[in-house]
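Some notes on the structure that comes next.
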Amino acid sequence: MQQTNRGNYRTKETLAQQFWHSCFGKLTILAGIIAVLFVIGHLTIPDEETMMAEMDDNIRQCIEANDSIKNDWIDDAVNNIGYIFTTADSIPHQEIIDNFNKYNKLEYYRHSFYATTLLHNNFKPEGIRVGIGIFGVVIPTVNFNDFLFRLGPMHRGYDQKVIFQSTTTSGENWSNNPELGL
């Protein structure tokens with residue numbers, strides 16, 4: 001005859017094992033790991049000098065690599081990952097670097113757990129992110145198409161009169177319409 005242990009609610013697990021196997025325990029441990037990562041992230045944010053030096057090198061590498069055929073966004077992503085571990089082989093023509101510095105401006109922003117670098121120019125006056133610094137590493141997100149190297153007229157003839165058809169399909173005459181300023 002077998003005896004059953006109906007009134008005994010004890011288990012053979014220790015308190016730590018019970019905590020680990022509970023949902024609350026797993027959430028608490030996950031929150032602790034995330035908190036430790038946030039503290040490490042906050043302590044290892046690259047400073048402005050490091051971030052700007054790395055971004056200068058990454059931009060030079062991007063200018064240097066631009067002579068190859070661009071197929072899609074994955075090329076830029078692979079190049080940007082490679083920029084983390086390498087430095088520019090050669091310095092591009094000084095004229096190109098001078099034009100880049102003349103028409104583009106890099107700004108450093110420090111956040112709570114990471115830093116970003118934004119590129120401002122006439123095409124992107126609000127700025128576009130070209131680098132992220134986290135855990136002491138600067139990760140570039142540069143794209144050659146975001147750079148501005150010269151200024152010139154984008155479209156000519158904005159001061160010319162707009163020529164409309166003399167009549168519309170409904171027969172209305174637009175040629176001397178005062179609402180259009182013609």
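The values are calculated or read from the model by the stated rules, or taken from the named source; none is laboratory data. All figures in this text were calculated on a predicted structure; none of them were measured in a lab. Keep in mind that these areas ignore ligands, DNA and RNA; they rest on the heavy atoms of the full protein, side chains included. Shrake-Rupley method; radii C 1.70, N 1.55, O 1.52, S 1.80 Å.
Taking the criterion of being open to solvent by 70 Å² or more (accessible area, probe 1.4 Å) and not aliphatic (A, V, I, L, M), the residues of the range 13-44 that qualify are Glu13, Thr14, Gln17, Gln18, Phe19, Trp20, His21, Cys23, Phe24, Lys26, Phe38, His42.
Quick check: is even one residue across the range 46-58 in a loop (DSSP other than H, G, I, E, B), open to solvent by 60 Å² or more (accessible area, probe 1.4 Å) and at pLDDT 90 or above?
As a first pass, look at the range 46-58 and keep what is in a loop (DSSP other than H, G, I, E, B): 46-47.
Filter once more, keeping what is open to solvent by 60 Å² or more (accessible area, probe 1.4 Å): 47.
Within this subset, residues satisfying the condition of being at pLDDT 90 or above are 47.
The answer is yes; a qualifying residue exists.
Taken over the range 126-139, residues that are open to solvent by 90 Å² or more (accessible area, probe 1.4 Å) and farther than 18 Å from Glu54 by Cα amount to 1.
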